[in-house]
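The values are calculated or read from the model by the stated rules, or taken from the named source; none is laboratory data. Bear in mind that the values here come from a model prediction, so they are computed numbers and not experimental data. Quick reminder, even Gly has a Cβ in these numbers, built from the backbone with ideal geometry, and neighbours come from all protein chains shown. Side chains included, ligands, DNA and RNA excluded: accessible areas come from the protein's heavy atoms. Shrake-Rupley method; radii C 1.70, N 1.55, O 1.52, S 1.80 Å.
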Amino acid sequence: MDYTPHTEEEIQAMLERVGAGSLEDLYRHLPKEVLNPEISLPEPLPEWAVLEELKRLAGKNKPAFKAFLGGGVRSHHTPPVVQALASRGEFLTAYTPYQPEVSQGVLQATFEYQTMVAELTGLEVANASMYDGATALAEGVLLALRETGRMRVLVSQGVHPEYREVLRSYLEAVGAELITLPLEEGRTPLGEVPEGTGAVVAQHPNYLGTLEDLAPLAERAHGVGALFVVVADPLSLGVLEPPGAYGADIAVGDGQTLGLPMGFGGPHFGYLATRKAFVRQMPGRLVSETVDAEGKRGYILTLQAREQYIRRAKAKSNITTNAQLTALMGAMYLAALGPLGLKEVALQSVAMAHRLWELLLEIPGVEPFTPKPFFNEFVLRLPKEPEAVREALAARGFHAATPVPKEYGENLALFAATELHREEDLLALQAAMREVLA
C-alpha cells in the first residue's frame, strides 16, 4: 500500500512557513550534477540471471589465504551449532520481549547470556548487551560518573584508540574532562590519580597486546573514590584473571571474538558487567528470574533504561535496545565450548601468536615492539610503511599488518593469530613478508 506521510495541504503549509514557492526551491542551492541526476539502469532480468550477475560480481573479491588481523576483530572458529540455532525464527525475528508471557524463550536465553558474562568477568551482574565494545565503554564510564557524582576521567593510552574517540564524544556531550595516561614501555604507568576523578579506565590485554598488571591501578583509583573500568577481550578471560578479581568495578568489551564472523563493521555486541551495588545505574536492559502466581519459574525485563521517555536528560542511558541476536550467538558459543573449550581456544591462540612473533622477527628489519608476554595480538616495527605492507600482502592473499596509529610510534603494525592457524600458515605469511620487505 502507499505510504504518504504528508498531504498536499501540509506540504504547502510547510513551504509557506519557510518562504519557498515549491519543493524544487528547497534544493536550488545544490549543484545540478547531483540534483535529480539521470540514472542508467539495465533492463529487468529474470531471477536466475540476477543470481548469475551477483556471482560474477562476487568473483571480483580477492580471496584471502588466512586473516591475521587484530585490533578488536579476529577470525575464530564458530561451531556450526551456533549458526544453526541463531537462524531459528524464535531468535532471528525476536526483538523486544515487552510481553514476558509470550517471550519466555528469548528472556531465558538472555538471562543465560547475562549469567555467562558475569561469570567470565567475576562481577555480580551484567546487562542484556550493548551495541559494541566502544559504546559499552562509554556507557560504563557514564555509569561511574553518575555513581561518583564527578566529571573527570583518566583513560590509559592502552585502550583501543577508536574506543577512546567514542568515549571522548560521549564525555564532551556531558561536559566531562578526559585525561589520557601515556603508555610507558607498552604498559599503563602507575601514577597518582587526581582528587575529583570519577573513573579510571584501562584495557587488559591492551591495544598493543600487552598484558597489564592492573591491581595497583585499581587500588589507586579506589583510594580517591573513583571507580575502576576495565576493557577486556572476553575470549582472553578463558585463561586470564577476571577483572572483578583485581579490583574492577565495571568490565566492558566487544563480543566479536565469541563466535561472531569478521565483517565490515559488524555485527558485534558489547558486554557490560558491574557490581551489584551499582545495578540501579546500569544502562540498557536487565533480564531477571522470578516466579509467577503459581510458583513457577519465569523471566522478566527489569530496570529498563527506557525511562528517558519521561526523564529525558536525567535518564541513565540513551541506548534503549541491545544487540539481541549477536549477544545470544555469544552465549551459544560459550555454551557450545564450555569452560574447558574456551580455555583450549585461548591457549591455542596464545601459542600460535607467540610462534608467529618468533617467525616474523627472523625477517631482516623487523623489530619487536609489544613486550612479552602478550595474549594473541602483538605489534611489530616494520622497515616500510605499514599501509604499503598491508596492501602488498593483500595482493598475495594475506590479510595482515594492521597499521597502528602514529600516536604509538612510527611504522608500527599489529598482527594476530588464533586457533585457526597452523604452522604452515605462519610460514606462508613469513615468506610473503620476506618478499614484501625485501
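A few comments on the model shown:
- In segment 390-438, the residues that are at pLDDT below 95, more than 26 Å from the chain's Cα centre (by Cα) and among the hydrophobic types (A, V, I, L, M, F, W, C): Ala395, Ala438
- Filter pass, Pro44 being part of a loop (DSSP other than H, G, I, E, B) and open to solvent by 100 Å² or more (accessible area, probe 1.4 Å): yes
- Against the numbered list (1) in contact with a helix residue (DSSP H, G or I) (Cβ under 9 Å, 6 or more places away or on another chain); (2) modelled with pLDDT of 95 or more, Ala351 comes up short only at (1).
- Of all residues in segment 187-199, those satisfying the criterion of being open to solvent by 70 Å² or more (accessible area, probe 1.4 Å) and touching a helix residue (DSSP H, G or I) at 6+ places or on another chain (Cβ under 9 Å) are Leu190, Glu192.
- Positions within segment 221-251 being crowded, with 19+ Cβ neighbours inside 10 Å and either at positive phi or assigned to a helix (DSSP H, G or I) (or both), in sequence order: Ala221, Pro234, Leu235, Ser236, Leu237, Gly238, Pro243, Gly244, Tyr246
- Test for Pro383: is it touching a residue at least 12 places away in the same chain (Cβ under 8 Å) and either of a type in the set (Lys, Arg) or under 27 Å from Pro182 (Cα atoms) (or both): yes
- Checking Glu162 against (1) farther than 20 Å from Asp132 by Cα; (2) out of contact with any Asp or Glu (no Cβ under 8 Å at 6 or more places or on another chain); (3) part of a helix (DSSP H, G or I); (4) of a type in the set (D, E, K, R), the condition it does not meet: (1)
- Residues within segment 305-348 that are modelled with pLDDT under 95, open to solvent by 40 Å² or more (accessible area, probe 1.4 Å) and among the small types (Gly, Ala, Ser), tallied: 1
- For Ile179, the criteria (1) among the β-branched types (Val, Ile, Thr); (2) surrounded by 18 or more Cβ atoms within 10 Å (Cβ to Cβ); (3) modelled with pLDDT of 95 or more hold in every case but one, which is (2).
- Of the residues making up segment 247-303, those that are charged (D, E, K, R) and in contact with a strand residue (DSSP E or B) (Cβ under 9 Å, 6 or more places away or on another chain) are Asp249, Asp254, Arg275, Lys276, Arg285, Glu289, Asp292, Arg297.
- Among the criteria (1) surrounded by 24 or more Cβ atoms within 10 Å (Cβ to Cβ); (2) without any contact (Cβ under 8 Å) to a residue 12 or more places away in the chain, the one Glu184 does not fulfil is (1).
- Criterion (surrounded by fewer than 20 Cβ atoms within 10 Å (Cβ to Cβ), on the phi < 0 side of the Ramachandran plot, at pLDDT 90 or above and of a type in the set (Phe, Trp, Tyr)) met by exactly one of Phe278, Phe269: Phe278
- Candidates Ala58, Ala109: the one that is among the hydrophobic types (A, V, I, L, M, F, W, C), out of contact with any strand residue (DSSP E or B) (no Cβ under 6 Å at 6 or more places or on another chain) and under 14 Å from Gly330 (Cα atoms) is Ala109.
- For segment 59-137, the helices (runs of 4 or more DSSP H) that sit wholly inside it and include 3 or more residues that are open to solvent by less than 50 Å² (accessible area, probe 1.4 Å) and within 30 Å of Asn206 (Cα to Cα) are 104-121.
- Residue within segment 23-41 that is modelled with pLDDT under 90, of a type in the set (Gly, Ala, Ser) and at negative phi present: yes
- Number of residues in segment 361-402 that are in a strand (DSSP E or B), open to solvent by less than 30 Å² (accessible area, probe 1.4 Å) and farther than 14 Å from Gly209 by Cβ equals 0.
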